[in-house]
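Read the figures in this text as sums done on the coordinates, not as results from a lab. Just so we're clear, the structure is a prediction, and the values are computed from it rather than from any experiment. Cβ sites come from the backbone with ideal geometry, for glycine too, and all protein chains shown count toward neighbours.
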Amino acid sequence: MTKSQDKEKKYFLEYLSLAPVIAVIAISVAFSTWAIFNHIFPDLLFHPLP
């Protein structure tokens with residue numbers, strides 16, 4: 001194996017370990033934003049106006 005192949009493999013493994021972390025963070029932020037929004041402005045189907 002040449003040095004360039006070793007570097008490529010190293011960068012690829014870094015990408016594989018980083019992409020799931022970014023995905024989990026992004027999904028957590030999106031769900032948290034949605035949950036907070038629904039807590040402040042509840043859906044009128046489940047909380048009808050008086």
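The table below lists the values:
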| quantity | calculated |
| --- | --- |
| Mean ellipticity per residue at 222 nm, deg cm²/dmol - from DSSP H runs of n ≥ 4 across the chain, formula -39500 (n - 2.57) | -28000 deg cm²/dmol |
| Assigned charges on the beta-carbon of Lys, Arg, Asp, Glu; the chain dipole about Cα centre (debye) | 300 |
| Space enclosed by the convex hull of the alpha-carbon atoms of the chain, per residue, Å³ | 62 |
| Options Ile40, Ala30, Ala19, ranked by Cα towards positive dipole end of the chain, top entry (Cβ charges) | Ala19 |
| Estimated FRET transfer efficiency (His39, Glu14; beta-carbon r; R0 35 Å; 0.05) | 0.40 |
| Helix 3-40 axis, angle to the chain major axis (alpha carbon atoms, nearest 10°) | 0 |
